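Structure, as C-alpha cells:
The values are calculated or read from the model by the stated rules, or taken from the named source; none is laboratory data. Here the structure is a predicted model, which means the values were calculated and not measured. Cβ sites come from the backbone with ideal geometry, for glycine too, and all protein chains shown count toward neighbours. Ligands, DNA and RNA are excluded from the accessible area calculation, which covers all protein heavy atoms including side chains. Shrake-Rupley method; radii C 1.70, N 1.55, O 1.52, S 1.80 Å.
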Amino acid sequence: MSAPECVVVGSGPNGLAAAIALARQGRAVLVVEGADTIGGGTRSAALTLPGFVHDICSAVHPMAVVSPFLQSLPLHEHGLEWVHPETPFAHPLDNGKAAALERSVDATAEGVDEDARAYRKLMQPLAAGAANLFGDMLGPFRLPRHPILGMRFGLRALHSGKGLAEAWFRTDSAKAIVAGLAAHAVLPLEQSPGGAVALMLGLAGHAAGWPFPKGGAQKIADALASYLRSLGGRIETGRPVKSVDEFAGAKAILLDVTPKQILALAGHKLPASYRRALERFRYGPGVFKLDWALSAPIPWLAAECRRTGTVHVGGTLEEVAAAEAAPWKGEHAEKPFVLVAQPTPFDPTRAPEGKHVAWGYCHVPHGSTVDMTDRIEAQIERYAPGFRDVILARHTMNTAAMEAHNPNYIGGDIAGGVVDWWQLFTRPVARLNPYTTPVKGLYICSSSTPPGGGVHGMCGYFAAQAALRRL
C-alpha cells in the first residue's frame, strides 16, 4: 500500500481523534497500535467470568458527550449508543442517605436543603452557558470567546476542591458533592485547580449527564475506528513502535504517548533543552482497580445510589480530603475514596441474564503494589451491607498491571501527568503551541497535552490542527 502522509502512534481516544481530524481534511492517515486491540483507555474485556464485559479503565464518560469535537462526529452511525442513568452520580453518607447530582440544577439544589440557594447561585449561571464554556475551556490556554462567562467560571475555579466546598456550602451533602467531583483531579483537595475540575465535571452532569456506552467503553474506540476507516484511514494493531525513524517517509507523526515514551521514541532527534524539559514532566499517583462479577446489583442503602451508574464512596468532605492526600505522602488510605461504576442496572447487555458487573478504583502512591482489595470492599460494604455476599468473582489491577495494560499509565497514573496549575497549561513543556515539538513534522497528541485526561479527544483534535497548519 502507498506510504501514509500522516502517522499516529497510539489508538487511544486522542490518537483516533487526531487521525479523524486529519482524514477529514483529505490526508492519508495510518494509526499504529502496539496492543492487539485498539482503544487505549477505552477498552473492554471479559476479566472475570465468561459473558461478563468489564471496562478496563474508563467507564463513565461525561466529557465525551460535551466534547466539541466528538460531538461533531457521526459516531451514532458507527454503533455508539449512549446510556443515561436517571442521576449522573450519587455520594452516600453514613445517615443512610446520599447526596446526588441530578441533571437539573434545581433538583440538585432541592437535595441539599439549606444550601439550595447557594447551589443555584454557584451553578445556574454556569450551566446556562455550559456549551460555550466547554468550547472555551477544553483546549490550550487562549483568549475565551465568551469572556464574561469565562471570568465568572474563573473566579469560582481559583479555589481548591475543599476551598470551593467550604466557601459556598454548610451542609455535608453539598460539600460531599464537591468533594467527589474534586477527587477526579487526582490532587489533594486542598490544592487548586481541584475546584476547576469539580465545576467542569459538575456542569457536564447538568448539561449532558454522566452516560456510558451501551456494551462497554470499547464501543467508543470501535465507533471512532469505524468512522476513521470510512474516511480512508488505516489502523495496524499488534505493531509496537521502537522509534519514529520507522516512519521516515511521513510528513507528520503524531504521538499519543506521554513524555517518557516520547523520549524513548524520539529522544535522539530532540534538542537537549527540550529533552530536559520532558524529563522534568511530573507523573502523579496511580490507581488500584477492582472489577467484580456480581449475582445481584450492589445493595446500596440509599435510593439515590441505585438510580445512578456512578457512585462516589468516601464519606464526608474531610474524609475524602484525608484519603486523597495520602497518596501524595506515599501512604495508602485506610478508608480510600472509591470511584464505583455500575452499568448493568441500565445496560444488561454486559452480563448474563440477572447478573451484573461493577468496577471500582482508588488512588494510591505512584508505582504502588499494595493490594487495596479489602479496603475498597470495606468502603462499599459500609454503604451497601451485603455487598461481599453478591460477589461471584473479582479481578484486580495494581499500578504495574495498569501500566502493562496501557504504557501511557506510567506508575499507574491514568491522567497523563499531574494536573496542577503549572502543568495544566504547560503540559508537556512550556511552549506557545504545546502540541508541536522542535522537530519538524513531529507532534504530541496525548493527554499529556491540554486539556489533559479524560475521554474527549480534544488533545488529538488540537494536535491535528497544529499539524494541518504546517502540512
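Being within 24 Å of residue 208 (Cα to Cα) and modelled with pLDDT of 95 or more is true of residue 58. Looking at this structure, is residue 85 in a loop (DSSP other than H, G, I, E, B), crowded, with 21+ Cβ neighbours inside 10 Å, touching a strand residue (DSSP E or B) at 6+ places or on another chain (Cβ under 6 Å) and in contact (Cβ under 8 Å) with a residue 12 or more places away in the chain? Here the answer is yes, as residue 85 does meet what is asked.
Residues of segment 222-266 that are hydroxyl-bearing (Ser, Thr, Tyr) and out of contact with any Pro (no Cβ under 8 Å at 6 or more places or on another chain): 226, 230, 237, 243.
Only one entry of 73, 93 meets the criterion of being more than 23 Å from residue 200 (Cβ to Cβ) and either modelled with pLDDT of 95 or more or open to solvent by less than 20 Å² (accessible area, probe 1.4 Å) (or both), and that entry is 93. Condition check for residue 262 on (1) within 28 Å of residue 395 (Cα to Cα); (2) outside any strand (DSSP E or B); (3) of a type in the set (Val, Ile, Thr): one failure, at (1). If you go through segment 433-471 and pick out every residue that is more than 13 Å from the chain's Cα centre (by Cα), among the β-branched types (Val, Ile, Thr) and buried (at least 23 other Cβ atoms within 10 Å of the Cβ), you end up with 3. When segment 156-168 is filtered for residues that are modelled with pLDDT of 95 or more and open to solvent by less than 10 Å² (accessible area, probe 1.4 Å), the ones remaining, listed by number, are 161, 164, 165. Total residues in segment 218-234 satisfying the condition of being closer than 16 Å to residue 61 by Cβ and either open to solvent by less than 20 Å² (accessible area, probe 1.4 Å) or over 17 Å from the mean Cα position of the chain (by Cα) (or both): the figure is 5.
Identification of helices (runs of 4 or more DSSP H) wholly contained in segment 393-470 with 3 or more residues that are within 30 Å of residue 375 (Cβ to Cβ) yields 399-405. Of all residues in segment 334-389, those being open to solvent by 60 Å² or more (accessible area, probe 1.4 Å), assigned to a helix (DSSP H, G or I) and free of Cβ contacts under 8 Å to residues at least 40 places away in the same chain number 4. On the stretch given as segment 195-217, residues that are open to solvent by less than 10 Å² (accessible area, probe 1.4 Å), part of a helix (DSSP H, G or I) and of a type in the set (A, V, I, L, M) total 4. If you filter segment 101-148 down to residues that are closer than 27 Å to residue 305 by Cβ, among the hydrophobic types (A, V, I, L, M, F, W, C) and more than 25 Å from the chain's Cα centre (by Cα), you find that the one that is most open to solvent (accessible area, probe 1.4 Å) is 107. Each residue in segment 150-180 was checked for being touching a residue at least 24 places away in the same chain (Cβ under 8 Å) and in a helix (DSSP H, G or I), and 20 of them qualify.
Candidates are the residues of segment 39-69 that are closer than 23 Å to residue 227 by Cα and not in a loop (DSSP other than H, G, I, E, B); the one that is least open to solvent (accessible area, probe 1.4 Å) is 55. The residues in segment 304-333 that are outside any loop (DSSP other than H, G, I, E, B) and open to solvent by less than 50 Å² (accessible area, probe 1.4 Å) can be counted, and the count is 15.
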